[in-house]
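Worksheet: one structure, shown below.
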Number of protein chains: 2
Amino acid sequence: MASPKREKLLEVARRLFETEGFHATGIDRVLAEAGVAKMTLYNNFGSKDGLIVAVLEQSSQDMIDRLEQTIQAASNDPYEQILGVFDAFAMWFSNPEFCGCMFQAAVAEFQDPNSKPAIAARGHQIRVAAMFENLCTKAELPDPKTLSRMLGMLASGASCTARQIQTREPADHARQIAEILLERAGSTGFAPAETEIANGSV
Amino acid sequence: MASPKREKLLEVARRLFETEGFHATGIDRVLAEAGVAKMTLYNNFGSKDGLIVAVLEQSSQDMIDRLEQTIQAASNDPYEQILGVFDAFAMWFSNPEFCGCMFQAAVAEFQDPNSKPAIAARGHQIRVAAMFENLCTKAELPDPKTLSRMLGMLASGASCTARQIQTREPADHARQIAEILLERAGSTGFAPAETEIANGSV
DNA sequence: GAATAAACAGAACGATCCGTCTATTGTATC
DNA sequence: GATACAATAGACGGATCGTTCTGTTTATTC
């Protein structure tokens, strides 16, 4: 299961897919840099798409594990943990090797929503959203569903913007906004504003 | 300059690039659907990258023109116009043919930041950011630079999320958040929260 | 109507894509 | 040491990529 050649393939493929894109990275390139036979790839993953899915799933697991580890190390308070997610993002963006969220790239490159890479990429976003919702619920914030969706959108916007301007600033801004949202949710909630929209102000 | 064949190429290429991606769309496919000779493409655009850049630039111009037109038709108040951007986004996302922001896709597909498509895509984001900053300044809001960056991040997050869940919800949520930000900027400004971050609360 | 230049359609090109096949190596078992 | 088996390397195949080249048609000017 955990063959060393398989791990090497995943590691190299992940790096190349991240830095150069999924379509732009040819299989031969991955094999050459990993020093692995072509048949090893096809025996382990079945196809290039299979390799891509495996990379996405492994990356998702890694990222979520590290995220939960980081925010749990930072605080026991779920309120603080929500903000901790954006601190973790800030650290992520600060890495000079940061080149954008791999899952956003996957969604962009595999436009067919039924393709396996697209499904795998959406799976990650669902897990992140579930994490936010779980934290909002634990923090006993009102309307955790809406709030967690807003937080997820903030996170997406931050990593999307960070890819372009290559600074941690978007994470800091997202954290500021999250702070305002949490504060506001704790006191008044979102009901008034939501009603205003629902009335259709267009 | 405005040859009909050239226009047809731009129209077809734009649609295919939007719905299937830049790398996934072959030149032959564009030519076949446009009913245009191959040399016409190379005479007009020089290369596939040239065509991509032309599509991005035309789309950017179109999108910004329509955006400004929409918000100016909605209100004269710059404060309301800022919120109008998100209403326009909501309408955009509501279109069943909506398949994500083309410029985000371009940034994802052309990872080399020096490639011409990547530069063209960044150009769009810069123009949108400038529009937000201009509106914030006209609304006489404090710290228009920070605020406009936050709004730009919200817009990115909204279109990024909308691509995945295929509803207008992200635009409505972004509008709600923008409303809160504007309200808050008008009264207290962001200085307190910003200081708190700057002190390093990790 | 003839001559010139541009625009046309489509074949042909080399490169690269993903995936398969074959021949060879190394390893474990008897 | 011989044999069975799995994993290897790398050639190979068909397809498609972006681009160039070759004739032919069309339009314009004298």
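The values are calculated or read from the model by the stated rules, or taken from the named source; none is laboratory data. Small disclaimer: the values here were computed from a predicted structure and weren't measured. Methodologically, a virtual Cβ is constructed for each residue, glycine included, from the backbone with ideal geometry; neighbour enumeration extends over all protein chains shown.
The residues on offer are B:89, B:98, and the sole one that is surrounded by 17 or more Cβ atoms within 10 Å (Cβ to Cβ), at pLDDT 95 or above and under 22 Å from residue A:108 (Cα atoms) is B:89.
Take the residues of region B:104-130 that are among the hydrophobic types (A, V, I, L, M, F, W, C) and in contact with a Leu (Cβ under 7 Å, 6 or more places away or on another chain): which is nearest to residue A:25 (Cα to Cα)?
Step one: list which residues in region B:104-130 are among the hydrophobic types (A, V, I, L, M, F, W, C), which gives B:105-108, B:110, B:118-121, B:126, B:128-130.
Next, only the ones that are in contact with a Leu (Cβ under 7 Å, 6 or more places away or on another chain) stay: B:106, B:120-121.
Working: B:106: 16, B:120: 22, B:121: 21 Å.
For region B:104-130, the residue satisfying everything is B:106.
Just for region A:34-43: of the residues that are more than 7 Å from DNA strand C (Cβ to nearest atom) and in a helix (DSSP H, G or I), which one is surrounded by the fewest Cβ atoms within 10 Å (Cβ to Cβ)? That would be A:43.
When residue A:165 is evaluated against the numbered criteria (1) surrounded by fewer than 23 Cβ atoms within 10 Å (Cβ to Cβ); (2) modelled with pLDDT of 95 or more, which criterion, by number, is the only one it fails? The failed condition is (2). Could you tell me whether residue A:46 is facing chain B (nearest Cβ under 10 Å), at pLDDT below 95 and within 15 Å of DNA strand C (Cβ to nearest atom)? When the stated conditions are applied, residue A:46 does not pass them.
If you filter region B:11-24 down to residues that are among the acidic types (Asp, Glu) and within 10 Å of chain A (Cβ to nearest Cβ), you find that the one that is farthest from DNA strand C (Cβ to nearest atom) is B:18. Exactly one residue out of B:86, B:93, B:110, B:103 is touching a Pro at 6+ places or on another chain (Cβ under 9 Å), in contact (Cβ under 8 Å) with a residue 12 or more places away in the chain and facing chain A (nearest Cβ under 10 Å), and it is B:110.
Residue pairs whose Cβ atoms lie under 7 Å apart, separated by 6 or more positions or on different chains, with the first residue in region A:168-184 and facing chain B (nearest Cβ under 7 Å) and the second among the hydroxyl-bearing types (Ser, Thr, Tyr) and crowded, with 22+ Cβ neighbours inside 10 Å, are A:170/A:161.
Listed conditions (1) more than 19 Å from residue B:175 (Cα to Cα); (2) crowded, with 17+ Cβ neighbours inside 10 Å are all met by residue B:115, apart from (2). With the condition kept exactly as written, say whether any residue in region B:5-27 is touching a helix residue (DSSP H, G or I) at 6+ places or on another chain (Cβ under 8 Å), closer than 27 Å to residue A:110 by Cα, outside any helix (DSSP H, G or I) and modelled with pLDDT under 90. Scanning region B:5-27 turns up no residue that is touching a helix residue (DSSP H, G or I) at 6+ places or on another chain (Cβ under 8 Å), closer than 27 Å to residue A:110 by Cα, outside any helix (DSSP H, G or I) and modelled with pLDDT under 90.
A quick yes/no check of all residues on (1) more than 13 Å from DNA strand D (Cβ to nearest atom); (2) crowded, with 16+ Cβ neighbours inside 10 Å; (3) without any contact (Cβ under 8 Å) to a residue 12 or more places away in the chain:
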site	(1), (2), (3)
B:7	yes, no, yes
B:25	no, yes, no
B:32	no, no, yes
B:47	no, no, yes
B:74	yes, yes, no
B:82	yes, yes, no
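Taken together, B:27, B:64 contain a single residue that is near DNA strand C (Cβ under 10 Å from one of its atoms), β-branched (Val, Ile, Thr) and away from chain A (no Cβ under 14 Å), which is B:27.
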